[in-house]
Structure formats: structure tokens, C-alpha cells
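To keep things clear, I will list the structure first and then write my remarks on it.
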Amino acid sequence: MTMNLNTLLKQIVALIGPLLPFLGQGALEVVERGATVPQADIKKLMKGASPEDVEKAIELGRIMADAVSDFAVFVASKGQIEPD
């Protein structure tokens, strides 16, 4: 099976769906934590880049994790849990 972003997002939606009755709005934080790339990993990936570019990558990682969380939880909840 080839893993791509589409497949990964579908899996996140499928995994979080059954947990929504227990997590409610807290599902946003759970998914966001799971989608967050640790700063240490980003720094390794950005080895040799300027400190400014490393900080930009870290910020983009935060934005990405928040967007994945908002999307997955909104879709899994059929619109019942609004993005934060």
C-alpha cells in the first residue's frame, strides 16, 4: 500500500471518529499533538539551514498540525465539532 497524505488523513478521520463521544472538543488537541512534528526532528531535517529558516519550519509545522486536527475532527464529527 502506498502511503500518501490522502490516505493518512482518511486514517486519522477513521481513527478519531469512534473516540469523539469520549473526547468531544478535546479531540482537537489529541489529534494536533499526534500530528505535531517534534522540534528536534525539524532541526535535524533542517540541518545546515539558517536559524530563521529553522524557526519558519517549526512554525509551519505548528500550522500544519493545527490544520490537520481541525480538518480531521470536523470531518469525523460530521461538522458537530468546530475547528479551533
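Rule-based calculations on the coordinates, nothing more; no lab input. Just so you know, these numbers come straight off a predicted model, no measurement behind them. We place every Cβ from the backbone using ideal geometry, glycine too, and count neighbours over all the protein chains shown.
Things to note:
- Among complete DSSP H helices in the chain, those whose alpha-carbon atoms stretch at least 27 Å along the helix's long axis and whose mean Kyte-Doolittle hydropathy reaches -1.0 are 51-76.
- Peptide packing: for 68-75, 13-20, 30-37, 43-50, the average count of neighbouring Cβ atoms within 10 Å per residue gives the ranking 68-75, 30-37, 13-20, 43-50, highest mean first.
- Between Leu15 and Ala67, the distance separating the two model label sites (each 7 Å from Cα on the Cα→Cβ line) works out to 2.0 nm.
- Modelled spin labels at Glu29 and Lys78, positioned 7 Å past Cα toward Cβ, are 2.7 nm from each other.
- Label positions at Lys47 and Asn4, each projected 7 Å from the Cα along the C-beta direction, are separated by 3.1 nm.
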